[in-house]
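**Q** Before I ask anything, let me first share the structure, which is written out below as structure tokens.
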Amino acid sequence: MQKYGAAILTALLLLSGCSDSGHRETRDAVPKMLDVQLHIPKTAEVNQEVELSAKVTQDKKAVTDAEKVEFEIRRNGEAESEMVEVKTQKKGIYKIKKTFSEDGVYLITSHVTARDMHSMPSGKLIVGKGDTAAAKESDNGGGEHDHSGDVQIHLMGVENIKAHADVLLTAHVSNHNEPLEKAAVRFELWKDGESRHEYLDAKEAARGVYTYTHKFPAAGFYHVKVHVEKEEKIHEHIEMKVVVK
């Protein structure tokens, strides 16, 4: 009987181990990546209303609970961009209506933050006659830096900043819709109205994601400028004004 009892106990322990292993595998499973499909027209006329939309899915299922979806709109050759947040969605499709009042080539990037992930596909929209200045520069041989608008920089971590507290400055950088790896990324910081500038060299934490942990010394308005350089061909930057409380 003791032999049978030992055999039964061993079998129960083995089954328990298999069960725990199965639960552990399920618990530690890597979540499926977000799939964001950006839909924008190729061309539009000046003052014509167009629809910009992003279809967000995960494992082929609609994502209806995204934390934030924004469309970043930047005209080719300009440093400033417009951020338009989407307030509503239907079956995982987030969209806005937009009218462009000037000719130009516009770079449209959908920034989707959902389920601890961030995705930012981009596309181009040609409005009216497009960018005649860029076309002339191209005909004349152009320059050595890539200012074509294919490099996208998105600064994160600058909301709800508190003085003397650690802030993880994060720059998502892409080129031709792909993460830009092994670039030299630097954060330039200065307080509004002051001449002293601080330069912080970021580290690449993931593909195309560059970070630096910083403490702002005092409350007030600050300028944050992100510089991106690579192989003497890419030299881009963006600048934002942030509030430190």
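**Q** Kindly write out, for the stretch 168-185 in residue order, the coupling ³J(HN,Hα) from the Karplus curve 6.51 cos²θ - 1.76 cosθ + 1.60 (θ = phi - 60°), rounded to whole Hz, with x marking Gly and Pro.
**A** My calculation for the stretch 168-185 gives 8, 6, 10, 10, 8, 10, 9, 9, 6, 6, 10, x, 8, 9, 6, 9, 8, 10 Hz in order.
**Q** Related question: Suppose a student asked you for the relative contact order of the stretch 34-139, using Cα pairs under 8 Å spaced at least 6 residues apart; what percent would you report?
**A** 33
**Q** With θ set to phi - 60° and the Karplus curve 6.51 cos²θ - 1.76 cosθ + 1.60, what are the ³J(HN,Hα) couplings of the stretch 236-245 in order, to the nearest whole Hz, using x for Gly and Pro?
**A** Values per residue, Gly and Pro as x: 10, 7, 10, 9, 9, 10, 10, 10, 10, 9 Hz.
**Q** Let me ask something additional. Over 5 Å intervals from 0, what percent of Cα-Cα pairs in the stretch 30-83 sits in each interval?
**A** 4, 14, 19, 22, 16, 12, 9, 3, 1, 0
**Q** Counting only other residues whose beta carbon sits under 9 Å from that of LYS225, what net charge do I get with K and R as +1, D and E as -1?
**A** -1
**Q** For the stretch 151-244, what is one quarter of the convex hull surface built on the Cα atoms, given in nm²?
**A** Its average projected convex-hull area is 5.8 nm².
**Q** Along its three principal axes, how long is the stretch 34-139 when you only count alpha carbons? Whole Å, largest extent first please.
**A** 44, 24, 22
Read-outs throughout are calculated quantities, based only on the coordinates presented, and are distinct from any laboratory measurement. This is a predicted model, so every value here is computed, not measured. So basically every Cβ, Gly included, is an ideal-geometry build from the backbone, and we count neighbours across all protein chains shown.
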